Amino acid sequence: MSSTAGQVIKCRAAVAWEAGEPLVIEEVEVAPPRAMEVRVRILYTSLCHTDVYFWEAKGQKPVFPRIFGHEAGGIVESVGEGVTDLAPGDHVLPVFTGECKECAHCKSAESNMCDLLRINTDRGVMLSDGQSRFSINGKPIYHFLGTSTFSEYTVIHVGCLAKINPLAPLDKVCVVSCGLSTGFGATVNVAKPPKGATVAIFGLGAVGLAAAEGARVSGASRIIGVDLNPNRFEQGEIVSVIAEMTNGGVDRSIECTGNINAMISAFECVHDGWGVAVLVGVPHKDAVFKTHPVNFLNERTLKGTFFGNYKPRTDIPGVVEKYMNKELELEKFITHSVPFSEINKAFEYMLKGESLRCIIHMDG
Ligand code: NAD
Ligand code: ZN
């Protein structure tokens, strides 16, 4: 056991006090983990667009003050009562959606929508007691996605932690904790393009490019990337352009933008008779998907997925092994890095569309 086990830890965290305002590095108190919880020392975290949406809180419920962050790598500091799968020193990737291993979803081979630990973007507290483990002068600071990795230490439910190979470099495999797995899995686990298929990817951020990588390893004959400034192009034009390019539509499409019009286009551009579209982007809270029902009658399929349909504890250690065995490249998704003290730069890079993933070094 570490000397800090069972005690409150004081450390640095990047606190979002208000929507859209730069994060402020503060000293926070992190309470010890309770039953089925784990306290993790975060070494590296990166920024995913989902953090940015909920920080901007334009189309999402505002919950502040909050500690964002869900794509990260760290080391277990201490464990709460009842935790037998993890011990101090284990290397872990936090995941925004969990796996209790007991519910109907966890027992189903098809689902990763755990009843207990599925993604909940509005909850800012721990499940067990409805309280936050973070505070400043006794005032609670809310959690995000059960992970809150923009903190040197964080408390996470054991079901939201994948135990990985300790030899895997955390500054690289941290991107497996959300973006890479989400995009890659959306293609290989959900869209499942047959060999030779044509695949369209909407949104070429890290998630979309990981989806394209999934198409490449599946043996796609053609991968069409769509990324546009919605002010400059009519989304509708894209559907006819893709139809022309592919003789009636693509075999598979994967939407990785969060834009409702792109979602509709991603569906309408798949070939009738067999085409499958998969939605991945996080939509505005009031978004409504509208298309003519005949598009379904003509035998097109629409699906959606969180985290690429991977079960975090069961499947993610294997995705990390793929990287270790050089079957999966991660370096190409990592375009920037900043010290923790400059975390706001990572937001700027993403908002300007300059970065894919920016790795934030917690020791800096
Ligand atoms: P990103 O900002 O790096 O990339 C998004 C890309 O989409 C950008 O290049 C942008 O120019 C493009 N884009 C925006 N609107 C578009 C439009 N109308 N048409 C075409 N392209 C458009 O973001 P990211 O981190 O790669 O995340 C992509 C999406 O996936 C986000 O919505 C994010 O919230 C979501 N996400 C979902 C899951 C999940 O489990 N379902 C997990 C992680 C991220
Ligand atoms: Zn994410």
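Is it the case that some residue within the range 79-99 is in contact (Cβ under 8 Å) with a residue 12 or more places away in the chain, aliphatic (A, V, I, L, M) and within 16 Å of ligand 2 (Cβ to nearest atom)?
yes
Which of the residues that make up the range 11-30 are among the small types (Gly, Ala, Ser) and outside any strand (DSSP E or B)?
Ala19, Gly20
In the range 266-364, which helices (runs of 4 or more DSSP H) lie fully inside it and hold 2 or more residues that are closer than 14 Å to Leu180 by Cα and of a type outside the set (A, V, I, L, M)?
Working: elements: 294-297, 312-324, 343-351.
Once the helices (runs of 4 or more DSSP H) in the range 266-364 are filtered for at least 2 residues that are closer than 14 Å to Leu180 by Cα and of a type outside the set (A, V, I, L, M), what remains is 312-324.
From Thr187, Thr182, which residue is within 16 Å of ligand 2 (Cβ to nearest atom) and either over 17 Å from Val95 (Cα atoms) or of a type outside the set (A, V, I, L, M) (or both)?
Thr182
From the set of residues in the range 113-137 that are within 21 Å of Val83 (Cβ to Cβ), in contact with a Phe, Trp or Tyr (Cβ under 8 Å, 6 or more places away or on another chain) and in contact (Cβ under 8 Å) with a residue 40 or more places away in the chain, which is surrounded by the most Cβ atoms within 10 Å (Cβ to Cβ)?
That would be Phe134.
For the range 171-204, name all the residues that are open to solvent by 10 Å² or more (accessible area, probe 1.4 Å), of a type in the set (A, V, I, L, M, F, W, C) and more than 17 Å from Asn112 (Cα to Cα).
Leu204
Could you please tell me which pairs satisfy a Cβ distance under 6 Å, a separation of 6+ or placement on different chains, a first residue in the range 49-78 that is farther than 21 Å from Ile136 by Cβ, and a second residue that is within 12 Å of ligand 1 (Cβ to nearest atom) and in a strand (DSSP E or B)?
Within 6 Å, the pairs are Glu71/Ser46.
Only one of these conditions is not met by Ser78: (1) touching a Phe, Trp or Tyr at 6+ places or on another chain (Cβ under 9 Å); (2) more than 28 Å from Lys352 (Cβ to Cβ); (3) open to solvent by less than 40 Å² (accessible area, probe 1.4 Å). Which number is it?
(1)
The rows are residues; the columns are (1) of a type outside the set (Ser, Thr, Tyr); (2) modelled with pLDDT under 95; (3) touching a Gly at 6+ places or on another chain (Cβ under 6 Å); (4) open to solvent by 60 Å² or more (accessible area, probe 1.4 Å).
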position	(1), (2), (3), (4)
Gly249	yes, no, yes, no
Glu255	yes, no, yes, no
Ser265	no, no, no, no
Trp274	yes, no, no, yes
Ala287	yes, no, no, no
Thr291	no, no, no, no
Asn295	yes, no, no, no
Pro312	yes, no, no, no
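Within the range 206-221, track down each residue that is more than 15 Å from ligand 1 (Cβ to nearest atom) and either of a type in the set (Val, Ile, Thr) or at pLDDT below 95 (or both).
If the condition is that a residue be more than 15 Å from ligand 1 (Cβ to nearest atom) and either of a type in the set (Val, Ile, Thr) or at pLDDT below 95 (or both), then Val217 is the only one that fits.
Can you tell which of Arg41, Arg34 is part of a strand (DSSP E or B) and among the basic types (Lys, Arg)?
None of the others qualify; the one that does is Arg41.
Based on this model, can you work out whether Glu237 counts as assigned to a loop (DSSP other than H, G, I, E, B), out of contact with any Leu (no Cβ under 9 Å at 6 or more places or on another chain) and either among the hydrophobic types (A, V, I, L, M, F, W, C) or open to solvent by 50 Å² or more (accessible area, probe 1.4 Å) (or both)?
Criteria not met by Glu237.
In the range 333-352, what count of residues is obtained for those that are within 14 Å of ligand 1 (Cβ to nearest atom) and either touching a residue at least 60 places away in the same chain (Cβ under 8 Å) or in contact with a strand residue (DSSP E or B) (Cβ under 8 Å, 6 or more places away or on another chain) (or both)?
9
Determine, yes or no, whether Leu43 is within 23 Å of Lys172 (Cα to Cα) and open to solvent by 20 Å² or more (accessible area, probe 1.4 Å).
yes
Tell me the residue from Glu255, Glu244 that is of a type outside the set (A, V, I, L, M, F, W, C) and over 30 Å from Leu117 (Cα atoms), please.
Going through Glu255, Glu244 in turn, the sole match is Glu244.
Could you tell me whether the range 225-233 includes any residue that is touching a strand residue (DSSP E or B) at 6+ places or on another chain (Cβ under 6 Å), of a type in the set (Lys, Arg) and farther than 23 Å from Met113 by Cα?
no
The values are calculated or read from the model by the stated rules, or taken from the named source; none is laboratory data. Quick caveat: nothing in here was measured; it's all calculated off a predicted structure. Glycine also receives a Cβ, built like all others from the backbone with ideal geometry; neighbour counts cover every protein chain displayed. Areas reflect the complete protein model, heavy atoms only, side chains present, ligands, DNA and RNA absent. Shrake-Rupley method; radii C 1.70, N 1.55, O 1.52, S 1.80 Å.
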